[in-house]
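The values are calculated or read from the model by the stated rules, or taken from the named source; none is laboratory data. For clarity, every value in this text was computed on a predicted model and none was experimentally measured. Glycine gets a Cβ as well: all are built from the backbone with ideal geometry, and neighbour counts include every protein chain shown.
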Amino acid sequence: MPSSSLPLATAGAQNPIRSVDFMHDAQICRRRFRTFSVIDNFNREALSIEPDLNLPAQRVARTLDRIAANRGYPAMICMNNGTECISLTLAE
């Protein structure tokens, strides 16, 4: 491990840290689709995987709110700083 790398944060109990990420792929017919995944870092449980051709910020926010209604809000959300997360809807 390079000395400049910091260790990943690990959760000591359920719900304090969740990871979110967007992924994309294509079907055999070349039609592209995306998924939005939410993972609980404590037990590596997939709390949600939302597949669709288009995932607008309102749908992502709705998914996060639905999970929070069932599991509570996390203390921290880990994500890459991709262009998917620059929407004002997600920032709010």
Selection count where residues are modelled with pLDDT of 90 or more, assigned to a loop (DSSP other than H, G, I, E, B) and of a type outside the set (Lys, Arg), scope region 28-71
3
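Do the conditions hold for Leu90, that is, is it within 14 Å of the chain's Cα centre (by Cα), in a helix (DSSP H, G or I) and at pLDDT below 85?
yes
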Among what's in region 1-27 and is in a loop (DSSP other than H, G, I, E, B) and surrounded by 10 or more Cβ atoms within 10 Å (Cβ to Cβ), pick the residue that is modelled with the lowest pLDDT.
Ala11
If you take the residues of region 61-83 that are under 13 Å from Asp21 (Cα atoms) and out of contact with any Ser or Thr (no Cβ under 8 Å at 6 or more places or on another chain), which of them is surrounded by the most Cβ atoms within 10 Å (Cβ to Cβ)?
Leu64
